[in-house]
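The block underneath contains the structure these notes are about, expressed in structure tokens.
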Amino acid sequence: MAQVLQNSNQEEWLKVLGKGMVTLPKKWRDELGIVNGDIVKAKKEGNKVVIEAKSQITSTAPYRVYSTDEINTFLEDDKLSEELTGKVQKKLSALR
């Protein structure tokens, strides 16, 4: 848990933990509607870091999180057939 050093209602000092993690104060998360698992947008502006809640973000995140089942399906769909695998191996062996 990050240590919060209170300064004012709109400004807080946050302690940076391992891997650069900080905890947003609960009051802020509640006010912004940020819940566990939400995606927020962060941007660097000079020597500042600005974090935007999803309700403030006009576009969707440029990525999505895939489930283990979806990833396994992708991997299965991308497997080469045994015939094609054999052809590739022969061509690679011929190049040596």
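Observations on the structure shown:
- When the chymotrypsin sites (Phe, Trp or Tyr not before Pro) in the stretch 60-93 are filtered for DSSP coil states and for at most 13 other beta-carbon atoms within 10 Å of their beta-carbon, the remaining sites are TYR63, TYR66.
- Net charge of neighbours whose Cβ lies under 14 Å from the Cβ of ILE71, counting Lys and Arg as +1 and Asp and Glu as -1: -3
- Here the label points at TRP13 and LYS91, each 7 Å from Cα along the C-beta direction, are separated by 6.3 nm in the simple model.
- Computed extension gain for LYS54 through TRP28, at 0.36 nm per residue and net of the alpha carbon distance, reaches 8.0 nm.
Values quoted throughout were computed directly from the atomic coordinates according to the rules given, and no laboratory measurement underlies them. Keep in mind that what you see is a predicted model, and the values were worked out from it rather than measured. Note that we place each Cβ from the backbone using ideal geometry, even for glycine, and neighbour counts take in every protein chain shown.
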